[in-house]
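Presented below is the structure to which this report refers.
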Amino acid sequence: YKHEYDYILIDCAPSLGMMTINALAATDGIVVPTIPQHLPTKGIEKLLESVHQVRRGINPSLKIEGILMTLMDGRTVYEREISEMIRNAYGGKINIFSISALVFVLFCLNHLLFNRFILTIGVKRGNM
């Protein structure tokens, strides 16, 4: 059914267990979501190590499409420093995207007020 969709999103728990490894084995590319804080940033490094291992053994065509920094609030020095650290470490090799905290709050309000799902699991070709 892969040819029927432009994108299929697989949302994994923030762990490197078998579910995540299976998702990496089954996909063409990944977007790594993170928040600009110290511990989640350390998790990026571990995930990229797992991606490298999956490429070597299971899925050589696996691509890293980018790192998505969520809940960005550029008002704090700490978040700006972490964001800059991520951009310096990975920006030359991996696309870096960001979503502000305000956008996230608006998504949540939309969900609460209108009871709509925020994440669409599959987008059929031609429906975008």
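The values are calculated or read from the model by the stated rules, or taken from the named source; none is laboratory data. These figures come from a predicted structure and were not determined experimentally. As a convention, Cβ positions derive from the backbone with ideal geometry for all residues, glycine included, and neighbour counts pool all protein chains shown. In case anyone asks, the SASA skips ligands and DNA or RNA and just uses the protein heavy atoms, side chains included. Shrake-Rupley method; radii C 1.70, N 1.55, O 1.52, S 1.80 Å.
Annotations
- A probe of 1.4 angstrom, applied to the heavy atoms of all protein chains, finds residue 34 with accessible area near 10 square angstrom.
- Of the residues 58, 96, ranked by 1.4 Å probe accessible area with the largest first, the sequence reads 58, 96.
- Rounded to the nearest whole Hz, the Karplus-based 3J(HN,Hα) values (6.51 cos²θ - 1.76 cosθ + 1.60, θ = phi - 60°) of segment 50-62 follow the sequence 5, 4, 4, 5, 5, 4, 5, x, 10, 9, x, 8, 4, with x at glycine and proline.
- For segment 1-72, GluC sites (Glu not before Pro) are listed when DSSP marks them as loop and at most 12 other Cβ atoms sit within 10 Å of their Cβ; the list is empty.
- Extension gain, residue 45 to residue 13, is 9.9 nm, computed as 0.36 nm per intervening residue step minus the present C-alpha separation.
- Amide N proximity, segment 48-81 versus residue 26 label position 7 Å along Cα-to-Cβ, cut-off under 15 Å: 59
- Accessible area in the full protein assembly, largest first, 1.4 Å probe, for 9, 48, 39: 39, 9, 48
- At the residue level, residue 100 shows approximately 50 square angstrom of accessible surface with a 1.4 angstrom probe and all protein chains present.
- Relative contact order %, segment 25-79, counting alpha carbon pairs below 8 Å whose residues are six or more apart: 53 percent
- Taking a ≥ b ≥ c as the square roots of the eigenvalues of the alpha-carbon gyration tensor, segment 1-87 is classed prolate because a/c is 1.5 or more and a/b outweighs b/c.
- Per-residue SASA entry for residue 55, accessible area with 1.4 Å probe, Å² rounded to 10: 80 Å²
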